[in-house]
Structures are given as C-alpha cells and as structure tokens.
Amino acid sequence: MMSLSMKQLGMRLGEMVLVLIGISFITFCLIMLSPGDPVRQMIAGNEDIIVSQVEIDALRHELGLDKPFLLQYLDWLGRVVQGNFGFSFMMKKPVIDAIMEALPASVILALASSLFMLVFSIPLGIYTAVKQNTWFDYLVRGCTFAGVSVPNFWMGLMLLWVFALKLSLFPIVGGSISLENLILPMCTLGIVMASKYTRQVRATVLEELHQDYVMGARARGLSESHILWREVLPNALLPLVTLFGLAFGSLLGGAAVVEIVFSWPGLGYMVVQAITYRDFQTVQAIVLWIAFMYMMINLIVDLSYNRLDPRLRKGGH
C-alpha cells in the first residue's frame, strides 16, 4: 500500500504534465525574446561568413520559424509528445541522443557528490546536535557557515589552484569521464552541499531532541543511545529525505557552473554551450528534462514516506 492513493497519484501526474507544459511555454517565450538569430548561427556558426538573406529565409521556412509564435510552440510540443526533441546543430545529432550521451556524466557526478555529502553531513549533524554548544559544535557550525557562503565556482577555482596547479595532483582541464577528473568537481559540490545539509540535520535532530516524547523516554530510564537511534532519528528522517531528494534532483539536472569550471561533460556543461551557440532546441529540451527530474524526485520522495512513517500506512497525515 502506498502513501498516495491511485487517485492522488493520478492527480499528481496530471499536475506534473500541466507544470511541464507551463515551463516549456515560458522557456519557449524567453528563447524567442533572446537576442541573436539562431538560423544565422546554424549556417555560419562562430565564423565570419557572409550569409545571403535567401539562404536564411529558406532555412527559416524549412524549420517553421516563419510561422506565428503560437503555431511554432504547438508544432514543437506536438513533436515532443512523439519523442522528437529536434536536431542539435551544435552537436550535429538529434537532441535526445545528445542528452543521453551527457546524462551518464551528470548521474555519476550527482551520485558521487551526494555520497560525499551524506558521509560527512549526517554524522556531523547528529553529533553536533547531541553535543550542542560545545567547542566542536561551534567549530563545525563555523566551518559549515563558511561552506554555505562560498559560491560553487569560487570553491572549484580554489581547489583547482591548490590541487591541480600548485600540487599537480589532478588535471587542470578535464573533458572526459574518469576518476581523476571526477574528484575535484565532486568535492566542490560535496563540500558546499555537506555544509548546508549538516546544518539542516543538526537543526532537525535538535528539534526532535526537545520534543515531549524524548523527555518521557528519559523519565522511563531509557539510555541516550536508544533514544537517539530508536526514537529521534526515525522521526527526523522524513524532512531529511525530502531535503536530500531536492538536492539530488538539482544535481541530476546538471550543476552548470561546476561542470563549466572543470569541463565535466554533463548536462550543465552542454546547456551552457547550447546557450552560447544559440542552439535553442537543445536548451528547451534540457530545461524540460531538469523540470521533469525535479518533479519525479519529489514524487518518489512522497511515495517513500509510507516506508518511513507508519502513520501514513494507517491513513494518517
């Protein structure tokens, strides 16, 4: 039995479809309002080639870009429903093929960064909550505050400067999927995410430690370790799962800035390149993918709640 009934699941899926249509329409509008001529870019690229207006008009007609805006959007939406996301002139291949090639890199980076985050943030968050207002708590809070405040690109550049340029332990320019190219971008994302997640784990566990049921468990003579692992952590798990799901969804959509800094060939790197080349078919498809992944992760998290909270299995809220 799932925490969401079939009717609720159907409503959620219907809402997802409506949201995806809304996002695709807004993105389509923004792309059409952006400066530059994608048709001229397709023909000439970044080279200073003189292109005749006849060639431009012919290609624009072939692509349907001379139609009214709404008809262009409906044509594009109709092709997407059939699984056709268009052709990427930047990659010289169908957009869906380009996304599938870049997807493994984003998945690997997302999984590695999430594992890094969980290994450090959960033990540190729990321990600092238990040892509230000790020197170790203050130290971890100070470090995590600094980690949350540092932008991803700055963290990445500092790691590159120290470990790649000064110590020569890792390559400065990546461009391929390998362990040595993965470590620095993983650490960049993992440090920033672990800083944020540690603070959230600490706050959630502290909130549970001050609940009445904890006082009652102590009054019954239960040990602190039993209270922490058998009582507090199961109750703190739901909000932590939600936060982890959102973090993983954002990584799976592509960490564009970090991927650009380290030349990691994922979706974030590809979408920035597509914007640079005005490859609007690719941009539109990746934005739709990122939105879809966010909503799917949220749905999976909701469906997992019944495994974590017995009240939901019994019809509670």
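Roughly what angle does helix 179-209 make with the longest principal axis of the chain, taking Cα atoms, 0 to 90 degrees, to the nearest 10?
Once rounded, the angle reads 40 degrees.
So how tilted is helix 95-130 from the main axis of the chain? Cα-based, degrees 0 to 90, rounded to 10.
20
Please give the contour-minus-distance gain from residue 177 to residue 207: 0.36 nm per residue of separation, less the Cα-Cα distance, rounded to one decimal in nm.
Using 0.36 nm per residue and subtracting the Cα-Cα distance, I get 6.7 nm.
Provide the FRET efficiency to the nearest 0.05 for the residue 29-residue 196 pair, computing r from the beta carbons and using R0 = 22 Å.
According to the calculation, E is roughly 0.10.
Mind ordering 208-219, 268-279 by average Cβ neighbours within 10 Å, highest first?
On the way: 208-219: 13.3, 268-279: 20.7.
Per-residue Cβ counts within 10 Å, averaged per peptide and sorted highest first, yield 268-279, 208-219.
Taking the Cα-to-Cβ direction at residue 12 and at residue 57 and moving 7 Å from each Cα, how far apart do the two end points lie in nm?
Output for this residue pair reads 5.3 nm.
Using only Cα atoms, tell me the angle between helix 280-308 and the longest principal axis of the chain; keep it within 0 to 90° and round to the nearest 10.
20
What is the gain in length, in nm to one decimal, between residue 215 and residue 161 on full extension, counting 0.36 nm per residue of separation less the C-alpha to C-alpha distance?
Roughly 14.4 nm would be gained on extension.
Once fully extended, how much extra length lies between residue 75 and residue 136, figured as 0.36 nm per residue of separation less the alpha-carbon to alpha-carbon distance?
16.0 nm is the gain from fully extending residue 75 to residue 136.
Could you list, in their original order, any pairs among 67/92; 7/196; 93/196 whose Cα atoms are separated by more than 27 Å?
Details: 67/92 24 Å; 7/196 36 Å; 93/196 39 Å.
Too far apart for the 27 Å limit: 7/196; 93/196.
Given Cβ point charges of +1 (Lys, Arg) and -1 (Asp, Glu) and nothing else, what value in debye, to the nearest 20, does the dipole of the chain about its Cα centre take?
Values: 22 positive and 22 negative charges, 247 e Å.
I would put it at about 1180 debye.
Find the relative contact order for the chain and round it to a whole percent, using C-alpha pairs within less than 8 Å whose residues are 6+ positions apart.
Working: 336 pairs, mean separation 87.3, N = 317.
Here the relative contact order equals 28 percent.
Read the figures in this text as sums done on the coordinates, not as results from a lab. Please read these numbers as outputs of a predicted model, since none were measured by experiment. Quick reminder, even Gly has a Cβ in these numbers, built from the backbone with ideal geometry, and neighbours come from all protein chains shown.
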